[in-house]
1. Only one residue in A:S147, A:S109, A:S133 is under 34 Å from the mean Cα position of the chain (by Cα), under 30 Å from A:V27 (Cα atoms) and among the small types (G, A, S), so which one is that?
2. Of all residues in segment A:132-172, which are farther than 15 Å from A:Y242 by Cβ, away from RNA strand B (no atom under 12 Å from the Cβ), assigned to a strand (DSSP E or B) and small (G, A, S)?
3. Filter segment A:425-469 down to residues that are of a type in the set (K, R) and part of a loop (DSSP other than H, G, I, E, B), then give me how many there are.
4. Have a look at A:D298, A:D307 and point out the one that is open to solvent by less than 60 Å² (accessible area, probe 1.4 Å), among the charged types (D, E, K, R) and out of contact with any Asp or Glu (no Cβ under 6 Å at 6 or more places or on another chain).
5. So, A:K18, is that one modelled with pLDDT under 85, in contact with a helix residue (DSSP H, G or I) (Cβ under 6 Å, 6 or more places away or on another chain) and open to solvent by 80 Å² or more (accessible area, probe 1.4 Å) or not?
6. Could you tell me whether A:D260 is more than 9 Å from RNA strand B (Cβ to nearest atom) and more than 30 Å from A:K108 (Cα to Cα)?
7. Which pairs do you get when a residue that is open to solvent by 20 Å² or more (accessible area, probe 1.4 Å), found in segment A:1-14, comes within reach of a residue that is among the hydroxyl-bearing types (S, T, Y) and not in a helix (DSSP H, G or I), reach meaning Cβ atoms under 9 angstrom, with the pair 6+ apart or on two chains?
Amino acid sequence: MKKKLANLLSENIPNLDKQTIYDLIEVPLNTSMGDYAFPCFKLAKELKKSPKIIAKELAEKIEKVNFIEKIECVNAYVNFFVDKEILLKHMLIPILKQGEKFGMDKSKSKGNIVIDFSSPNIAKPFHIGHLRSTVIGKSLYRIFEASGYDCISINHLGDWGTQFGKLIVAYKKYSSKEEIEQKGIQELLRIYVLFHEEAEKNPELEQQARDYFTKMEQGDEETLELWRWFKKISLKEFEDVYNLLDVQFDSFNGEAFYNDKMAPVIQELEDKNLIKVSDGAKIVELEDMPPCLITKRDGSTLYATRDITAAEYRKETYNFEKCIYVTALQQNLHFKQLFEVIKKMGYEWYKDLVHVPFGMVSIESEDKDKPAQAIATRKGNVILLQDLLTQAIQKTKEIIEEKNPTLEDKDKVAMQVGIGAIIFDDMYNTIIKDVEFSWTKVLNFDGETGPYVQYTHARACSVLRKSKLAKHCIRLVNFSFITDEASINLAKQLGNFKSILSDAANKYEPSIIARYAVNVAQAFNKFYHDVPILVDDYDVKYSRLTLVCCTIDILKNALYLLGISAPTQM
RNA sequence: GUAUCCAUAGCUCAGCUGGAUAGAGCAACGCCCUUCUAAGGCGUGGGUCCGGGGUUCGAAUCCCUGUGGGUACGCCA
């Protein structure tokens, strides 16, 4: 539609090329200003005439063609009113034809994208700080999958390091086999916190922890046995969480996986003359930023070493078009350094490495005047995801009992909606923003929330159910019966899906999908309120039901892209 | 100190590749269920777009600068 308009305009504007004209065309906020608008400011310079006069001349010059209903000139804008029937056809027919597949290019024809996300340090319980990476990563997975890529999800587990040395010390001093087997990760957390409390008084403990970790690195069977045991217990808990959130990983290759793969990479850095020795540590010097540490004074490896190794391994294994790291903003420098080292190694694919950073989560202070508190597992200042989800599901159940007590499958729906609320809340704002966790806010299901979108979807499904017409029956239709503003506005929103999806993919920003879902829901609710759907007149009813069907598909797809399920009743 | 991110309504935020009167939600107050799910819709109030310069016909948006806050900066990840 916009292209057609650009063609039409370019016939009348010889001094601008078609693409420029296309880019200049805007969609006015207010429908009283037409469906599309062309601002004439750019032309003013070239033609050396006031933009108002140009707009007026242009409006008179353009011949009316079939799809244009009216051309108006307001100030320096030429406003186009498109024939509503043609507009509706253009927006809705592709959705009606393709249904749930609309806008979802699952051909995997564009190559591979590796997404590294969630990646928690294990042996600590899953808390709200881990949630963001998990939820954003999963959404990006679906966004790129729907954009034609084959995605590979990698959980780069933090399953190696001094923290395990600490746990071994703590286990031997404060716990027992029975207690850990009985209480699982709760017990691991308890002794981990206790370790840090004791280590403040007795720094000797830290050294013991480092010694145990060194033993692990040297292949000491007794400590490795404990490590494997802790890892197994942790993974069990993580799997429960991933099942609840419906997240799957193609690979769990974490830090331990790269233990035996780093030596050749260090050698490669040496061979390429990138290594310098500073204070006994091996570093790579970088321009405009601090050097990247490759090995410690004692020869052991670091975070960056593992990430360089992992990047090379992933390129070899998956031959990715992009490799995306979903981590907190705090790791900005690390990734800048990592990408720069890869570049210095001579790999052109350093350009395909992308860091998608998100803001920090803190916990709202009970005293409102005090600042929010940082999450700190060591201090026990955490909100566990299990608790959060339990509360959200409980709250949902109460609302269902109150609003829709005869609903079937209450427990299932409560889970879908409660979890959906949490996921949606985490991605509704631009992901770079810091989040201050607040129980009252996260458990409020009014307004721009996941439940609002889900509710709208369920409402649309309900109308369709009551119509007694099957969804697949509602296909081609005479759109001349749709003339009111609420319907047309809804159709326009529905027609935006594809461009919203590509915008979200280009910006690595799931919030764009979330906000779009709310816009569609708002447009539908307005339509639902203003326009009776199940009326006696068959043609009117049928054409309005097309809008209902399209809304169902679009909302379902938008929620899918966010990793949220769309119940048909709630 | 250096780098980086952020600053828009009481609160949480959209808008930022420059364009028409700066938009939502929450909170507050008022209205709408004998009609398809009121987890909804409508209305009212609420703004020095952090300050100051600059570029431009035009700046919340771009550039410079100041302020306030977050984060990171060699042997953690």
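The values are calculated or read from the model by the stated rules, or taken from the named source; none is laboratory data. In this text, all values refer to a predicted model and were calculated from it rather than measured experimentally. Because the Cβ atoms are built from the backbone with ideal geometry, glycine has one as well, and the counts that use them run over all protein chains shown. Accessible surface areas use protein heavy atoms only, side chains included; no ligands, DNA or RNA. Shrake-Rupley method; radii C 1.70, N 1.55, O 1.52, S 1.80 Å.
1. Details: A:S109 fails: under 30 Å from A:V27 (Cα atoms); A:S133 fails: under 30 Å from A:V27 (Cα atoms).
Result: A:S147 is the single residue among A:S147, A:S109, A:S133 that is under 34 Å from the mean Cα position of the chain (by Cα), under 30 Å from A:V27 (Cα atoms) and among the small types (G, A, S).
2. Scanning segment A:132-172 gives a single hit, A:S147.
3. Pass one, segment A:425-469, residues of a type in the set (K, R): A:433, A:441, A:459, A:465-466, A:468.
Adding the requirement that they be part of a loop (DSSP other than H, G, I, E, B) leaves A:433, A:468.
Here the count works out to 2.
4. It is A:D307.
5. Details: modelled with pLDDT under 85: yes; in contact with a helix residue (DSSP H, G or I) (Cβ under 6 Å, 6 or more places away or on another chain): yes; open to solvent by 80 Å² or more (accessible area, probe 1.4 Å): yes.
Yes, satisfied.
6. Details: more than 9 Å from RNA strand B (Cβ to nearest atom): yes; more than 30 Å from A:K108 (Cα to Cα): yes.
The answer is yes for A:D260.
7. Going by the 9 Å Cβ cut-off, the qualifying pairs are A:M1/A:Y36; A:K2/A:Y36.
Residues are listed down the side, and each one gets a yes or a no for (1) closer than 30 Å to A:H127 by Cα; (2) crowded, with 16+ Cβ neighbours inside 10 Å; (3) acidic (D, E); (4) in contact with a helix residue (DSSP H, G or I) (Cβ under 9 Å, 6 or more places away or on another chain):
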| residue | (1), (2), (3), (4) |
| --- | --- |
| A:G184 | yes, no, no, yes |
| A:E187 | yes, yes, yes, yes |
| A:Q207 | yes, no, no, no |
| A:M216 | yes, yes, no, yes |
| A:D220 | no, no, yes, yes |
| A:V241 | yes, yes, no, yes |
| A:M262 | no, yes, no, yes |
| A:K282 | no, yes, no, yes |
